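So the structure is just underneath, and the comments pick up after that.
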Amino acid sequence: MTVEELSRIANRLRLDVVETVHLAGDGHPGPCMSIADIMAVLFFEEMKLDPANPRWPERDRFVLSKGHACPILYAALARKGYFPLEELKGLRSLGSFLQGHPDMNKIPGVDTVSGSLGNGVAIGLGMALGCRMQGIENYVYAIVGDGEEEEGIIWEAAMAAAKFKAGNLIVFADLNNHQSGGKVTELSSLYPVADKWNAFHWHVQEIDGHDITQIQAAIAEAKKVTDKPSLIACKTVKGKNIPYMEDNNAWHKRVPTDEEVEIAREALKDKI
Amino acid sequence: MALKSTREAAMLAIQELAREDEKIVIVSPDAVAAARATKFREEFPDRVIEVGIAEQDAVDLAAGLATTGMKPIVVSYAGFLTMRACEMIRTFIAYPGLNVKLIGLNGGMLGGEREGVTHQFYEDIGILRSMPGVKIITPADGQQAYFAAKAMMEQEGPCYLRLGSGREPEVFPDGTPFTFGKVREVKNYGNDVAIFASGFIMDRAIAALDELHEAGINGTLVDVSTIKPMDSEGVAAVLSRCGCAVTVEDHNIYGALGDAICEVACRLNPCRVLRVGLQDKYPRSGKAAELLDAYGLAVKDIVAAAREAMK
């Protein structure tokens, strides 16, 4: 798939999120936009998956540690063929299987529960070790937000993953510098993020999280490192490519109006 | 069977099972020695995942392992496991129903005794009992722990096994059966009062029953070794015969055996039930027997509760 095709998929997923949250009347659109390009590369190029057999043991695994960004995960799964697109509008409704945060038993293609922040690295490490112990040659990909790296368990897992030389674990840090309550740089002393993962003995790369080519290259590089887990620190923009959402934390959790949906469609119409 | 304690016994059983099932792994937040799993580690060095002092990581990591079909057992001190990693157990193991087993060590006042409140755990069962989908087993002695560990591994999904610290006496003769999910009558002198006991204070419950018998009160002692799912019908049958009951456990009186029996009584056989256990307070450091005596678990406390229940 070409870089342009992947970029168009990323924007298609972004618009899916806007439309889904609009129809559902609830959800977190802003946090989806900063990871759209990473999601496009992972789900539409990189990951070894079989939508007809979601629990295929040999598959790559995916952990959306920042589970509140699940509208974009659900959009990616629907467009991969795990379930019909029209199911997206049921998001967060009682009759739908699309839970407010990812549920591994209700939603085909979801590999773990997530949404309680900070847990994705530890769960991903368990998956990576479990696959390795059973001789499965695959990769476990996780996306963690920057805000959730304030949780202590992130660093417990970081220590363990380095100890176990989990070369099959590749974690993307979505560094949009926003969290529910404001700027990460104002709420904590997390930044600089990459330094900390380096100090925990991970293989660390720093990229532009909206540059498809850089995402692809970083994954290829991470795969060459077999004796360390990989952290790909992605500089991103919360709300990316949706004009009124960009770098605007009011869209952490907010429902677009009819008019705002139209603005998003207009902004993306030539990019899809 | 010469088993020194519930920890040795349970780990022996798990080691035996691990020889037949290579998916069994132990996840340890620096608890291999405490869990008496050093022999397991010698035999299966690649099947002990030591994460260091990090209970939350251990539980989440086990959840991840289980999604791949492995059968992880997380071993740790009962309170560090169920309190420090409480949310991880609930959200990432119990909610998806993953096949992760949890072993809580040093349960109760007896388990922590001289260490003091930080290492005495009398909330673990209450915490886990409130989580849908978690089974809970509390064997009374080493031999029971051996069979309880095997029974746990036969269960699909989350299951918690509460063990002691090596101070728990052997109370049952060789060959005493262990049946998951069923209560068992230990001694039946008559139907004056029912004593439901759980875990490694069984010796005190037996002593109390015998003392009551010598005083002309003939009761029935029931071992409740599975706290969840509760054998409601088995409990109700005893309540129906006796008409009053005492519960005995090394746990706070809220949340565990006492509450579970009261719930059955309310629902199926209303009658008086008095709860012997830690009376909703924090104890202090002390030698095991003295501590239990000082904080509501003396034989005389059980006897007094039985007499009161019969009024």
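Read-outs: derived from the displayed coordinates by stated rules, not from any lab. Remember, it's a predicted structure, so these values are computed and weren't measured experimentally. Positions of Cβ are generated from backbone atoms using ideal geometry, with glycine treated the same way; all protein chains shown enter the neighbour counts.
Data overview
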quantity: Ratio of the Cα radius of gyration of segment A:28-159 to 2.2 N^0.38 Å, where N counts its residues; calculated: 1.01
quantity: Euclidean distance between Cα centres, segment A:26-89 to segment B:1-77, Å; calculated: 34 Å
quantity: Cα-based helix-to-principal-axis angle, B:142-154 vs chain B, degrees rounded to 10; calculated: 60 degrees
quantity: Candidate lysines for bridging to B:LYS187, where Cα separation is under 27 Å - those fewer than 8 sequence places away on the same chain excluded; calculated: B:LYS4, B:LYS135, B:LYS150, B:LYS228, B:LYS300, B:LYS311
quantity: Interchain or long-range residues, amide H under 5 Å from B:ILE136's placed H; calculated: B:TYR160, B:ILE227, B:LYS228
quantity: Neighbour-count order for B:LEU209, B:LEU102, A:LEU268, A:LEU42, fewest beta carbons within 10 angstrom listed first; calculated: A:LEU268, A:LEU42, B:LEU209, B:LEU102
quantity: Crossing angle, helix B:257-268 versus chain B [Cα axis fit, 0-90 degrees, rounded to tens]; calculated: 60 degrees
quantity: The protein assembly as shown: C-alpha pair distances exceeding 39 Å, %; calculated: 37 percent
quantity: Antiparallel %, DSSP beta bridges [both residues in chain B], to 5; calculated: 15 percent
quantity: DSSP H segments from chain A that extend 30 Å or more along their own axis, Cα-based, with Kyte-Doolittle mean of -1.0 or above; calculated: A:3-24
quantity: Chain B: angle of helix B:202-214 to the longest principal axis, Cα-based, in degrees nearest 10; calculated: 10 degrees
quantity: Dimensions (Å) - segment A:44-121, Cα atoms, principal axes, largest first; calculated: 32, 30, 20
quantity: Amide H within-cut-off set for B:HIS251, under 5 Å, with H built and near neighbours excluded; calculated: B:LEU278
quantity: Beta bridges per DSSP with both ends in segment B:1-140, % antiparallel, nearest 5; calculated: 5 percent
quantity: Bridge type composition, the protein assembly as shown - antiparallel percent by DSSP, nearest 5; calculated: 15 percent
quantity: Fluctuation leader among A:GLU46, A:GLU151, A:GLU246 - chain A, Gaussian network, Cα springs under 10 angstrom; calculated: A:GLU151
quantity: Over chain A - Rg/Rh using Cα atoms and the Kirkwood inverse-distance radius; calculated: 0.94
quantity: Whole-Å semi-axes of the ellipsoid equivalent to segment B:29-69 (Cα gyration tensor, √5λ, descending); calculated: 19, 14, 7
quantity: Helix-only [θ]222 nm of chain B, DSSP H runs n ≥ 4, -39500 (n - 2.57) each, per residue, nearest 500; calculated: -11000 deg cm²/dmol
quantity: Rounded if a/c under 1.5, otherwise prolate or oblate - segment A:1-58, Cα gyration tensor axes; calculated: oblate
quantity: Positive minus negative residues near A:VAL144 (Lys, Arg vs Asp, Glu; Cβ under 10 Å); calculated: -4
quantity: Sorted by Cβ density within 10 Å, fewest first, the residues B:THR226, A:THR213; calculated: A:THR213, B:THR226
quantity: Within-10-Å neighbourhood charge of B:ALA256 [Cβ basis; K, R +1; D, E -1]; calculated: -1
quantity: Mean residue ellipticity (222 nm) of chain A, computed from DSSP H runs ≥ 4 via -39,500 (n - 2.57), nearest 500; calculated: -11500 deg cm²/dmol
quantity: Ascending count of other beta-carbon atoms within 10 Å, so fewest first, for B:SER240, B:SER198, A:SER230; calculated: B:SER240, A:SER230, B:SER198
quantity: Count of Lys pairs (Cα-Cα under 19 Å; at least 8 positions apart or interchain) in segment A:134-227; calculated: 7
quantity: Vicinal HN-Hα couplings computed from phi for segment A:105-116 (Karplus, 6.51 cos²θ - 1.76 cosθ + 1.60; Hz; Gly/Pro x); calculated: 9, 8, 10, x, x, 8, 8, 7, 4, 7, x, 6
quantity: Long-range HN-HN contacts of B:TYR77 with modeled amide H, under 5 Å; calculated: B:LEU105
